[in-house]
Amino acid sequence: MSEQNWTLLPAVTVRSAGFAWELVRSLAYPRAAAAAAEVVRLERRALDLLAEAPAHRAPAENPAEAPARRASAEDPRPARSAVGGDARSARGTGSGRLPRGLRSRLRDLRPLPGDTPAPAGWLAAWNEVTGSLEDARLALAGTTAADAALARAAVAGIAADERFLDALVRSAPGLYRDLRRGVAKGGRLRRLVGSVLQGLCATCCFGPLGHGRVEPAAAGGHTWAGHRERPRRVAYPADWVGESLQQRVLADPALVAGLVPRRRTWTGAVPDAVPHAAPFVALCDGSRTLAEIAAESGTELEQAAAALAVAVRRGLLTHDLCPPATVADPLSWLRERLPAETPRPDAHRRDVPRSDVPRSDAHRSDVPRSDAQRPEAHRPDALRPGGDLSVGRCVREITELLAQYPAASPDVKLALQRRVETLAGSGRAYDDRPGDRPRDDRVVVHEAAAGTLRVTVGEGLAADLEGRVPQVLDLLAADAELTRQRTNRLLAGRLGAGTFGLAEVLGAAGGLEIRHGDRLAERIAAIVRAAPPGAATVDLAGLLDDPEPPAAPVLCSADVMVAAPSLEAYEPGLTPLILGDLHDVALLTPWALQFHPDGAALVAERDAAIVRALGGHTALNVISRRATGRPPLEFPGPVLELGGVTADGGRRRIGLDELYVHSDGHRAVLRAKGVDGPLLLHNGEHDDTALHTALALPRVRRPDLGHLSRVPRLTWDNVVISRRAWRVGRASFEALGQAVGDRELLVAMARLRETHDLPVTFFAASPRERRPIHVDTRSPALVEGLGRLAATAERLTLTETLPGPEECWLRDGGLRFAAELRCVYLRPAGGSPASRPKPEVTDTCSPAPATRSRAVARYPGPADVRADSCSRVADPVAPGARAAHPYPWQGECR
């Protein structure tokens with residue numbers, strides 16, 4: 001393996017599940033599932049005996065039975081049985097046609113009478129197996145009834161649990177309303193609880209934020225006050241609430257005249273972007289109010305306000321009351337900058353009289369109201385339309401509601417959500433149609449919580465994170481670099497030779513597909529095919545060639561899970577260390593550190609490490625719009641405000657119209673007017689597109705092994721690169737959808753497990769769904785969810801649950817919780833030393849050398865590219881030194 005240059009940031013974010021594994025396991029039918037497995041085992045033995053029945057002269061085949069016989073040959077499952085099984089038509093065991101009663105017994109896999117014309121040995125074996133099968137079916141009926149009663153009690157308890165209801169109203173208000181109105185009952189209630197609970201227990205997305213630190217010289221361990229302790233909780237409005245408030249800002253005559261607009265995505269004039277408003281857009285430079293711009297351009301204020309609203313909506317302009325996308329709390333940011341509120345002269349005509357205010361004063365908006373006079377947010381008379389209030393009052397009231405939100409009961413939270421929605425003045429964030437699965441677009445308020453979990457990543461675990469995990473990342477980084485180079489050549493071939501504006505390239509790259517690196521995937525696939533049949537694990541250590549170092553820096557994060565009963569029990573090189581999700585970005589963010597006492601210092605430490613890893617390369621940060629309730633990422637370097645606005649006013653902003661791509665037909669390089677040297681896009685939140693992949697830093701991904709129907713667990717020593725996986729077609733799940741009742745469902749699931757050798761629990765992912773679901777094959781509620789998921793795609797990917805509940809180190813008494821360590825890894829470009837002099841970050845351009853570097857000379861751009869420009873990321877490269885170019889010319893040394 002090549003020399004390691006990876007840097008592991010010492011700060012670690014610890015993510016955990018908000019609910020214990022025991023809750024989702026309470027929905028299981030353990031005894032019934034075991035009985036169903038026994039039924040399937042005995043059915044298989046009976047079918048084997050049926051296939052071994054001695055051949056006798058059979059009568060001419062009845063044409064009506066031919067289709068059934070042909071179908072049984074393709075699928076040797078019994079036709080409908082007592083528990084929904086299939087039994088194929090029986091073969092004749094005598095010299096003539098068997099009586100209908102005997103054929104029925106063979107078809108249903110039941111014992112035969114003692115005088116049946118068949119060899120005595122075969123008949124005895126058949127009756128023994130089928131007798132046991134009938135006993136197993138009876139046992140299945142009894143255990144199913146007993147387990148169902150326990151599961152119903154568990155569902156009722158969970159549906160009444162305050163913590164579950166709190167999580168439900170926060171993540172899926174529509175489902176919470178269904179539950180409270182009594183719409184969800186019986187089987188529907190079970191499906192609702194199961195679909196929500198599996199996500200709360202099996203994924204590390206809903207727990208409070210914890211923190212850790214890598215300290216190789218210290219003993220590993222953790223401290224935790226328990227899963228119920230959350231010292232602090234903060235509520236934030238959903239992204240659509242902020243967008244709605246921005247629409248109101250632009251429509252408020254008292255505010256719009258004083259707005260100070262500036263250009264965002266484009267720095268120059270944009271032809272036809274805002275019809276008949278080119279002079280107006282040209283004057284939006286961030287130094288004049290809208291009223292001043294209207295007067296200077298000879299435009300009516302109303303017309304200028306309308307043009308501003310259109311330009312903001314199209315992403316061309318922003319203004320001084322538009323919160324940056326990267327701030328954690330945009331509502332507080334806006335409230336601090338809104339001017340002091342003045343009474344509205346026409347408010348008395350629009351205010352709704354309120355029963356708790358004397359009627360003589362109810363129409364006056366300037367009458368102060370005490371807290372005693374103010375109605376509670378959950379009372380119907382408080383739901384006054386937000387359009388009747390000024391923006392300042394709406395923002396202030398929403399802020400007050402959010403302050404009440406974390407400590408409120410679920411019912412009050414639902415009322416607070418409705419009031420926030422009303423104040424924002426947008427369309428409904430939810431619908432009243434019943435549903436079984438949560439949808440993020442129904443969320444009105446997001447909530448973040450501080451946990452008490454503190455982890456010390458010490459000794460052996462730290463050694464593996466710093467030593468063995470980077471060996472795996474080297475393989476993935478080389479594969480990512482190959483993908484980037486191949487896709488870049490594809491883009492260059494599409495463009496041909498020349499210099500093209502990035503806007504033009506965006507159109508030309510339409511329909512272009514990413515050309516993935518396939519060397520690693522092909523080599524691993526060959527190793528998997530050569531493994532012994534049924535191998536559960538394949539260790540890749542020593543079987544792969546040393547990867548080539550990437551020609552560009554690599555920034556990534558890995559969600560790592562430890563499969564051990566405790567962190568103190570970790571054994572380096574032996575304890576499984578599972579690589580979960582991989583991200584092509586340094587996910588040590590202000591959002592994740594918002595409750596950390598040294599959060600600002602840790603972000604500064606991260607930025608300094610990123611600058612060192614970038615070396616002489618310039619990363620262009622693409623600031624996207626808020627879309628998930630969390631702020632987009634922002635790292636050192638210039639920014640392209642594509643949908644979002646940077647929070648750093650001194651940051652070098654590059655417009656879309658300043659970016660261009662120079663191509664020689666074989667290689668495409670991104671450049672910007674006024675910036676010396678090539679640029680590499682960086683923002684891990686963007687979708688995988690060919691253009692972004694071709695012009696960005698390497699994007700670390702696992703090798704694509706989708707063409708293999710079954711993949712064993714792939715490891716590098718004790719580091720699990722990927723879990724065991726199965727790819728199963730839709731037809732295999734059809735029996736789940738056809739099953740009637742819990743018994744048939746459990747037997748159908750047991751058959752599916754037997755056919756594909758599936759574990760008891762796994763995750764199922766569909767290409768049409770954003771998140772996988774956890775499936776416990778002993779739980780009819782979760783098996784039903786699997787059947788519904790299978791209907792969304794031609795094939796599902798099933799992945800083993802690793803670590804399982806027994807291997808979870810985070811425990812609160814007898815309760816076990818899933819937990820993962822989010823680790824940030826940085827690597828400089830290949831051929832560069834791991835340790836570099838630390839460049840200084842600055843907000844002003846540093847003097848550049850008088851002559852252009854060779855890299856710049858090879859890519860002559862438009863005449864307005866200045867030789868004395870800089871990227872504001874780092875000081876110029878020392879004389880005689882030059883960073884390795886991410887796309888070197890042939891013959892040029894890397």
Pair list, Cβ under 8 Å, 6 or more apart: segment 450-469 residue surrounded by fewer than 23 Cβ atoms within 10 Å (Cβ to Cβ), other residue polar (S, T, N, Q): THR452/THR223; ARG454/THR223; GLY460/THR575; GLY467/GLN4; ARG468/ASN718
Residue within segment 516-526 that is modelled with pLDDT of 95 or more, crowded, with 17+ Cβ neighbours inside 10 Å and within 30 Å of THR456 (Cα to Cα) present: no
Segment 747-773, residues that are of a type in the set (Lys, Arg) and either in contact (Cβ under 8 Å) with a residue 40 or more places away in the chain or more than 14 Å from ARG730 (Cβ to Cβ) (or both): ARG751, ARG753, ARG770, ARG771
Hits in segment 766-803 (condition: closer than 22 Å to LYS185 by Cβ and over 20 Å from the mean Cα position of the chain (by Cα)): SER779, PRO780, ALA781, LEU782, VAL783, GLU784, GLY787, ARG788
Neighbours by Cβ (under 7 Å, 6+ apart or cross-chain): first from segment 803-825, among the β-branched types (Val, Ile, Thr); second open to solvent by less than 50 Å² (accessible area, probe 1.4 Å) and modelled with pLDDT under 95: VAL824/ALA586; VAL824/LEU587; VAL824/LEU588
Selected residue [closer than 26 Å to GLN471 by Cα and either touching a Phe, Trp or Tyr at 6+ places or on another chain (Cβ under 6 Å) or buried (at least 21 other Cβ atoms within 10 Å of the Cβ) (or both)] from ILE623, ILE610: ILE610
Check on ARG137, open to solvent by 50 Å² or more (accessible area, probe 1.4 Å), touching a residue at least 12 places away in the same chain (Cβ under 8 Å) and either part of a helix (DSSP H, G or I) or of a type in the set (Phe, Trp, Tyr) (or both): no
Odd one out for THR646 among (1) modelled with pLDDT of 85 or more; (2) open to solvent by 20 Å² or more (accessible area, probe 1.4 Å); (3) of a type in the set (S, T, N, Q): (2)
Test: residue in segment 413-430 that is open to solvent by 10 Å² or more (accessible area, probe 1.4 Å), in contact with a helix residue (DSSP H, G or I) (Cβ under 7 Å, 6 or more places away or on another chain), assigned to a helix (DSSP H, G or I) and modelled with pLDDT of 50 or more: yes
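Within segment 719-757, track down each residue that is in a loop (DSSP other than H, G, I, E, B) and open to solvent by less than 10 Å² (accessible area, probe 1.4 Å). First the steps, then the outcome.
If we filter segment 719-757 for residues that are in a loop (DSSP other than H, G, I, E, B), which is where we start, we get 723-724, 739-740, 757.
Scanning segment 719-757 gives no hits.
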Lone qualifier among PRO590, PRO549, PRO576, PRO597 - being open to solvent by 40 Å² or more (accessible area, probe 1.4 Å) and modelled with pLDDT of 95 or more: PRO576
Residue check for LEU708: out of contact with any strand residue (DSSP E or B) (no Cβ under 6 Å at 6 or more places or on another chain), within 29 Å of ASP474 (Cα to Cα) and part of a loop (DSSP other than H, G, I, E, B): yes
Count - residues of segment 767-783 that are open to solvent by 50 Å² or more (accessible area, probe 1.4 Å) and acidic (Asp, Glu): 1
TYR570, sole failed condition from (1) in contact with a strand residue (DSSP E or B) (Cβ under 6 Å, 6 or more places away or on another chain); (2) open to solvent by less than 30 Å² (accessible area, probe 1.4 Å): (1)
Contacts under 6 angstrom Cβ, first residue in segment 601-627 being in contact (Cβ under 8 Å) with a residue 12 or more places away in the chain, partner in a helix (DSSP H, G or I), 6 or more apart: ARG626/ASP239
Residue in segment 630-653 that is over 24 Å from the mean Cα position of the chain (by Cα) and under 27 Å from GLY580 (Cα atoms) present: yes
Hey, GLU568 more than 24 Å from the chain's Cα centre (by Cα) and among the acidic types (Asp, Glu) or not: yes
Boolean, LEU506 is within 29 Å of the chain's Cα centre (by Cα), more than 30 Å from ILE721 (Cβ to Cβ) and in contact (Cβ under 8 Å) with a residue 60 or more places away in the chain: yes
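How about segment 621-647: which of its residues are among the hydrophobic types (A, V, I, L, M, F, W, C) and touching a helix residue (DSSP H, G or I) at 6+ places or on another chain (Cβ under 9 Å)?
Passing the criteria: VAL622, ALA627, PHE635, LEU640, LEU642, ALA647.
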Where GLY507 falls short, out of the listed (1) assigned to a helix (DSSP H, G or I); (2) open to solvent by less than 50 Å² (accessible area, probe 1.4 Å): (2)
Which numbered condition CYS284 misses (of (1) at pLDDT below 90; (2) out of contact with any Pro (no Cβ under 6 Å at 6 or more places or on another chain); (3) buried (at least 20 other Cβ atoms within 10 Å of the Cβ)): (2)
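The values are calculated or read from the model by the stated rules, or taken from the named source; none is laboratory data. Remember, it's a predicted structure, so these values are computed and weren't measured experimentally. In this analysis, Cβ positions are derived from the backbone assuming ideal geometry, glycine residues included, and neighbour counts consider all displayed protein chains. Quick note on the areas: whole protein, heavy atoms, side chains included, nothing else; ligands and nucleic acids left out. Shrake-Rupley method; radii C 1.70, N 1.55, O 1.52, S 1.80 Å.
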